[in-house]
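J.: Handing you this structure, nothing more for now.
The values are calculated or read from the model by the stated rules, or taken from the named source; none is laboratory data. Only a predicted model underlies this, so the values are computations on that prediction, with no experimental measurement involved. Glycine gets a Cβ as well: all are built from the backbone with ideal geometry, and neighbour counts include every protein chain shown. Side chains are part of the model used for accessible areas, which takes the heavy atoms of the whole protein and leaves out ligands, DNA and RNA. Shrake-Rupley method; radii C 1.70, N 1.55, O 1.52, S 1.80 Å.
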Amino acid sequence: VPTDPSRPDPPALRILQIGEPVLRSAARELAPEEIRGAAIQQLIRRMCDTMRDAPGVGLAAPQIGEPLQLAVIEDREEYLRDADSSWLAERERAAVPFYVIANPKLTVTIADAREFFEGCLSVAGLTALVPRARGVRVECLDERGQPRVIEARGWHARILQHEIDHLRGVLYVDRMARRTLMTTTNYARYWRDLSLEELRETLDLFSPSGPECGS
Ligand code: ZN
């Protein structure tokens, strides 16, 4: 359905924050006809606008209050423009054109875990180090309800794991190295330029309670 260019865009959807029950629930699958229907097509457009407005590189339907197995993904060239090339190379991060996934089934193809800081629009203002598989394959439906297989590695694989977790009620805080949880401001101020080894030494990364909290 073509949009009327004289009508202003609807405002971005509100992104729900951690603690909302829908963010902790399993989302339901969509039928292909339902995906092609006007309601889901409009939802996809609004999720795209909301993701770009945030801005973010992915948004799952539960984050805007819809318990559906649907997510949008896009890593725009403009987000990468100011990053240095070694930072991007280390993360295996490159632009990903906009696309939609529905009813995804994820398989790990490269199991070695990569640890990087990530954040979530539903855990605003915070970031933490999260181990994720380096490569994944996702079988899903696209925005027309057609089957699609996505092979991804590096940052794109991380985005897929993060978004598909949302459809199962899982947030990155469930998978993070707990002692690395911090505000994005403090991340930029103290930690952004440290190597993984330096982080390990300073934060005693995977200790459940920290070195001084034994008793
Ligand atoms: Zn998220």
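J.: If Ala94 meets every condition in (1) without any contact (Cβ under 8 Å) to a residue 60 or more places away in the chain; (2) open to solvent by 30 Å² or more (accessible area, probe 1.4 Å); (3) in contact with an Asp or Glu (Cβ under 9 Å, 6 or more places away or on another chain) apart from one, which number is that one?
T.: Of the numbered conditions (1) without any contact (Cβ under 8 Å) to a residue 60 or more places away in the chain; (2) open to solvent by 30 Å² or more (accessible area, probe 1.4 Å); (3) in contact with an Asp or Glu (Cβ under 9 Å, 6 or more places away or on another chain), the odd one out for Ala94 is (1).
J.: Kindly list, by first and then second residue, each pair from a residue in the range 151-176 that is touching a residue at least 24 places away in the same chain (Cβ under 8 Å) and within 12 Å of the ligand (Cβ to nearest atom) to a residue that is open to solvent by less than 20 Å² (accessible area, probe 1.4 Å) and in a helix (DSSP H, G or I), limited to pairs with Cβ atoms under 6 Å and residues at least 6 apart or on different chains.
T.: These pairs meet every condition: His166/Pro62.
J.: Just to be sure, is Glu78 without any contact (Cβ under 8 Å) to a residue 24 or more places away in the chain and more than 15 Å from the ligand (Cβ to nearest atom)? Before you say what the answer is, go through the steps one by one.
T.: Values: without any contact (Cβ under 8 Å) to a residue 24 or more places away in the chain: yes; more than 15 Å from the ligand (Cβ to nearest atom): yes.
In short, yes.
J.: Now, a different point. From the set of residues in the range 175-215 that are of a type in the set (Lys, Arg) and assigned to a helix (DSSP H, G or I), which is modelled with the highest pLDDT? If you could, list the steps in order and put the result at the bottom.
T.: Quick first cut of the range 175-215, residues of a type in the set (Lys, Arg) only: 175, 178-179, 189, 192, 200.
Of the ones still in play, those that are also assigned to a helix (DSSP H, G or I) are 178-179, 189, 200.
Values: Arg178: 93, Arg179: 93, Arg189: 96, Arg200: 85.
Only one residue fits best here, namely Arg189.
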